[in-house]
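Visitor: A single structure is presented below for examination.
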Amino acid sequence: MKSQILLVLFSSVSSVNSFSLNFGSRQAKGARFAHTGSPDDDPRSIIEAVTRRNAISTSLGLASFATFFSPSEAAGAADGQPRSPRPTFYEIKMVNPPQMQPFSSRGERRVVGELTKLPAVVIGGHDTASDSELEAKLLRQLSEGAGSRGIVVASSAAVQEEGTQAALDAYVSRANADEAAAEETLRAGSVWVAGGSCDSLLPVLRVARQLGGVRVVAVGVADATVAQVRAKGLEAAAGLVKDRSAFVEAVKAPGFKRYSDMVIGGLFDAQSKGAGSDKEQSLANFFASQIVVDEAIAQRSLDAAKSSQGALLVVLTGAERVRFGYGVQARLARLATATSDDVDIRSLLLNPSAEESLSMTSQLRLVLGYGDELEYSKPLANYLLFSSSPPPKILSRMLNPM
C-alpha cells in the first residue's frame, strides 16, 4: 500500500512537471500576454510559480516537495532544520513587470547605508507602535551612515507652530535631563495633527535625544487649516503654496491622473461615507486639501534641510502620502530640483498591506499601471520594510535574496 501511495504522489509530481514544460513551450513558440491588470492575473506568474515548484520537487525529492506546498510556516526542511525567516526588507525593481528584491540583514544595512548619500529619504508609516519602532530603528541606521553630516527629521505629525518646535528642540537637546519630566513637558507644549500623536513620535525622539546630531522639526499642517481647504478649496490655501504655477503644473504629470483617481479618490471614498449630498464638490475640495498638504509638507521639510546645510533630510509622514510616489516624494523632488540638477529622493513604506496597495488579491500591488502605462507609473514605494517576516501570500514576483 505504501508503495502505491508513493507511486501516486510521484506521478502527481510528473504531471506538474509535464504541465509546466508543455505550457512553457507553448509560450516560447510565440504566445504573448498583455498585462494591464493586477499582477496576480498575469499568466507568466503561473508559469514561473509552477516552474519553481517543479525545480524544487525534482532536485530535493518528495519530502521537500511536500514541505514547499505545506501551509505551515513552522514546518522544517527534510533534515529537520528550521527554515530561515523570510527577509523583512525589499526593494521594488521597476522592470517590466515590476519585481520585489529581498535583502538579507546584511543587505539591508548596506542599502540603508547607501541611502545616507542621498539628499532626502521619505518614510511612510502608520500611527502604530510597530511602525514607530521601525522609524526609530531606521533613524539609528541612517545616523550611523550619515556620520558628521547630521540628520534633519521632518515630522508631519507635529504641527508647525512656534510652541511645538520649541518643545521638540527642548526635548531633543536634553534641556531637562529627567526623562519622564522632559516627556511630560513635551506633551504639554506640543500640538499634533489628527491621526498623529506625541506617543507615536516618541521612539524617534528618544533616539534623537540619545544620539545627538539629529534635529527634529515640525512640518505638519494644522487640522483647522486642512478643514478650511476642504470647505473652500484652493482659495483657502494661501500661505501653504509658494510657487502656485509649479504647484498646478505638477498635477499634469503623466500618471498623476491614475494616481489621483485611485489613491486620492480611494481615500475620499473611505472618509466620505455618510457625508453630505454635494459629493462632487466635496471630492474637489478633498483633492485640493490632499495635494496642498503634500506640497506644504515637502516645502517645509526642504526649508528645514536648507537651514541645516549638508544634513540628510528624513521625512516622516503618513503612508497615504507616500504610496505610489506622486505625494510628498514627487513634490519634494520637484522643489529640490529647482536648486539642483541631480536630485534622487527615495521612499520607504512600513508594514504595507495588500489592501492599502489597492490590490484586488492577497498580493501587494507594486504599481498602479501595467503594460503601456508602466512608463508613467511609480512604485508602491522604492523600499518596503516589515517589522517581522511578512506572510508569503502578500509577496509578489520575488527575486533571489541579496
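The values are calculated or read from the model by the stated rules, or taken from the named source; none is laboratory data. Bear in mind that the values here come from a model prediction, so they are computed numbers and not experimental data. A quick note on method: Cβ atoms are made from the backbone with ideal geometry, for glycine too, and the neighbour counts reach across all protein chains shown. Surface accessibility is based on the protein's heavy atoms, side chains included, excluding ligands, DNA and RNA. Shrake-Rupley method; radii C 1.70, N 1.55, O 1.52, S 1.80 Å.
Visitor: Any residue that is modelled with pLDDT under 95, more than 18 Å from residue 327 (Cα to Cα), open to solvent by 70 Å² or more (accessible area, probe 1.4 Å) and not polar (S, T, N, Q) - is there at least one of those in region 239-248?
Guide: Within region 239-248, one or more residues are modelled with pLDDT under 95, more than 18 Å from residue 327 (Cα to Cα), open to solvent by 70 Å² or more (accessible area, probe 1.4 Å) and not polar (S, T, N, Q).
Visitor: If you don't mind, there's one more thing I want to ask. Is there a residue in region 189-202 that is at pLDDT 95 or above, surrounded by 14 or more Cβ atoms within 10 Å (Cβ to Cβ), part of a strand (DSSP E or B) and not hydroxyl-bearing (Ser, Thr, Tyr)?
Guide: yes
To keep it simple, each residue is scored yes or no on (1) part of a loop (DSSP other than H, G, I, E, B); (2) under 18 Å from residue 266 (Cα atoms); (3) open to solvent by less than 20 Å² (accessible area, probe 1.4 Å); (4) touching a Cys at 6+ places or on another chain (Cβ under 7 Å).
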| residue | (1), (2), (3), (4) |
| --- | --- |
| 347 | no, no, yes, no |
| 353 | yes, yes, no, no |
| 358 | yes, yes, no, no |
| 361 | yes, yes, no, no |
| 365 | yes, yes, no, no |
| 373 | no, no, no, no |
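Visitor: Find the residue count for region 140-183, including only residues that are touching a Leu at 6+ places or on another chain (Cβ under 7 Å), assigned to a helix (DSSP H, G or I) and hydroxyl-bearing (Ser, Thr, Tyr).
Guide: The total comes to 2.
Visitor: Could you tell me which of the residues 246, 238 is assigned to a helix (DSSP H, G or I) and among the aliphatic types (A, V, I, L, M)?
Guide: Answer to the check: 246.
Visitor: Shifting gears a bit: Could you figure out which of (1) open to solvent by less than 10 Å² (accessible area, probe 1.4 Å); (2) over 23 Å from residue 130 (Cβ atoms) isn't true of residue 184?
Guide: (1)
Visitor: Same structure again: Looking only at region 273-302, how many residues end up being at pLDDT below 95, assigned to a helix (DSSP H, G or I) and of a type in the set (D, E, K, R)?
Guide: Total meeting the criteria: 2.
Visitor: Here is a follow-up. Mind checking which residues of region 148-168 are open to solvent by 40 Å² or more (accessible area, probe 1.4 Å) and without any contact (Cβ under 8 Å) to a residue 24 or more places away in the chain?
Guide: Once the filter is applied, which keeps residues that are open to solvent by 40 Å² or more (accessible area, probe 1.4 Å) and without any contact (Cβ under 8 Å) to a residue 24 or more places away in the chain, region 148-168 yields 162, 166.
Visitor: Another question about this same structure. Can you report the number of residues in region 375-402 which are open to solvent by 40 Å² or more (accessible area, probe 1.4 Å), part of a helix (DSSP H, G or I) and within 19 Å of residue 104 (Cα to Cα)?
Guide: Final tally of qualifying residues: 1.
Visitor: Filter region 351-402 down to the residues that are modelled with pLDDT of 95 or more and among the acidic types (Asp, Glu), then identify the one that is farthest from the chain's Cα centre (by Cα).
Guide: Top of the filtered list is 355.
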